[in-house]
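Every number here is computed from the coordinates shown, using simple stated rules; none is lab data. Computed from a predicted structure; not experimentally measured. Cβ placement follows ideal geometry from the backbone for every residue including glycine, while neighbour counts extend to all protein chains displayed.
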Amino acid sequence: MIKLYGVAVSNYFSSAKAAFLEKNVEFEEITIFPSQDAAVLAQSPMGKVPWIEIGDEILTETNVIYDYLEDISPEPRLYPIDPWQRAKVKEIIRVIELYFDAPARRHIGAVYFGQEVDPSAKEQVRPAIENGLRALNHLALFSPYIAGETFTFADITAYFMLNFTQMHTTKIYGWDMIGDTPALKDYLDFIGDRESLKELTANMQAGFEALASK
Ligand SMILES: N[C@@H](CCC(=O)N[C@@H](CS)C(=O)NCC(=O)O)C(=O)O
C-alpha cells in the first residue's frame, strides 16, 4: 500500500491527502514533521512534506503526486482529458502555489512561531499576493469549480493554499483577502462543504490545537 508522509497542519500534506481521498486510492498515513534532519532528508531531499513511499521508492512534490495518482487511478478524473483544459487546471495550480503560498510562506515564522515580522517581507509580500489575486481573478471560472464545471486538483490546491494565505494576510496585515473578494469567498464557502475538505480542515484544526497545548 502507498504510504503518505506528513502532518495534518501542513497545507501541502492536506492537499495530497485530499487527492488520495477524492481518488479513493488506499493509503497508509505516517505522521512526520518537515525537517532538515538527516533521517528526513534521506527520504524527502528538501526536507519538506508530503512525500509518498511505494516499496523502496519515494516521490515528493504535491502536484507530481497528483499526476501520479491520476495515472494509476484515472477514475474519478481530477484532471480534464482534453490537453488544453488539463493545462488550464495546471496553470491555476501553478499560479496559486507561486503567487499566493510562496509569498505568504515568508511570514510563517511570525504567523506560527512567534518570531518578529521581517520588515522586507512585510513590504514585499502583500503586493506580491495582490498580483496573484489579480491573476487568479483573471483565470478562475468559479462555474462552480475553479477551472469549470468539474471538481479538479486545482480546487484542492485552491482550498488549502488560499485559506493558508488568508491566515497570513489577516495576521500580518489585518487584510481579509478572501472577504474582500466576494467571488472567491462564495467559491471557498461552496468548496469547503465537500466531505474530504471538511474532514481535512477538522484534522488541521485539531493539529494546531495539539501544537498550541504543548
Ligand atoms: N513544493 C512542495 C512544497 C511542500 C512544502 O512547502 N511543505 C511545507 C509544509 S506545508 C514544508 O515541508 N515546509 C518545511 C520547509 O520548507 O522546510 C510540494 O509541492 O510538496
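With the convex hull drawn around the C-alpha atoms of region 82-199, the volume per residue stands at 97 Å³. Residues whose amide H falls under 5 Å from that of Ile30, counting only those 5 or more places apart or on a different chain, are Leu4, Tyr5, Gly6, with hydrogens built in the peptide plane. For the residue pairs Lys23/Lys90; Lys88/Lys198; Lys3/Lys48; Lys3/Lys198; Lys171/Lys214, the C-alpha atoms sit more than 20 angstrom apart in Lys88/Lys198; Lys3/Lys198; Lys171/Lys214. The alpha carbon centroids of region 113-173 and region 20-87 are separated by 22 Å.
Name the residues of region 140-156 whose amide N is less than 11 Å from a point 7 angstrom out from the Cα of Arg77 along the C-beta direction? Once the point is set 7 Å along Cα→Cβ of Arg77, 150 turn out to lie under 11 Å by backbone N, inside region 140-156. Put in order of Cβ neighbour count within 10 Å, fewest first, the listed residues Asp186, Asp67, Asp193, Asp101 become Asp193, Asp186, Asp67, Asp101.
Pulled fully out, how much extra length does the chain show between Tyr173 and Asp189, if you take 0.36 nm times their separation in residues and subtract their Cα-Cα distance?
That works out to 3.5 nm of additional length.
Annotation: the antiparallel percentage among DSSP beta bridges lying fully within region 2-72 is about 60. Please name which of Gln36, Gln166, Pro50 has its Cα lying farthest along the dipole of the chain towards the positive end, using unit charges on Cβ (Lys, Arg +1; Asp, Glu -1) and the Cα centre as origin. Comparing the listed Cα positions along the dipole, Gln166 ranks first.
Our coupling estimate for region 33-43, obtained by passing each phi through the Karplus curve with A = 6.51, B = -1.76, C = 1.60 and θ = phi - 60°, is 8, x, 6, 9, 5, 4, 5, 6, 4, 5, 9 Hz, Gly and Pro reported as x. Evaluated with a Cβ-only charge set (Lys, Arg +1; Asp, Glu -1), region 39-153 carries a dipole of roughly 520 debye about its Cα centre, given to the nearest 20.
Each eigenvalue of the Cα gyration tensor of the chain, multiplied by 5 and square-rooted, gives one semi-axis; in descending order these are 25, 24, 15 Å.
Listed values for region 116-129 are Karplus-derived 3J(HN,Hα) couplings in whole Hz (6.51 cos²θ - 1.76 cosθ + 1.60, θ = phi - 60°), namely 5, 6, 6, x, 6, 5, 4, 6, 8, 6, 4, x, 5, 5, and x replaces Gly and Pro. Shown in residue order for region 55-66 are the 3J(HN,Hα) couplings computed by the Karplus curve 6.51 cos²θ - 1.76 cosθ + 1.60 at θ = phi - 60°: x, 9, 9, 10, 9, 10, 6, 4, 6, 6, 5, 4 Hz (x for Gly and Pro). Between Thr150, Ala110, Trp84, the Cα set farthest toward the positive side of the dipole of region 83-212 (charges on each charged residue's Cβ, about the Cα centre) is that of Trp84. Distances between placed amide hydrogens fall under 5 Å for Trp175 paired with Thr170, all partners being 5 or more residues away or on another chain.
Under 20 Å of direct C-alpha separation, and excluding same-chain neighbours fewer than eight residues apart, Lys122 reaches these aspartates and glutamates: Glu97, Asp101, Glu130, Asp176, Asp180. Size of region 1-86 from its Cα atoms: along the principal axes, largest to smallest, the extents are 42, 26, 25 Å.
Might you report the magnitude of the Cβ-based charge dipole of the chain about its Cα centre, with Lys and Arg at +1 and Asp and Glu at -1, to the nearest 20 debye?
580 debye
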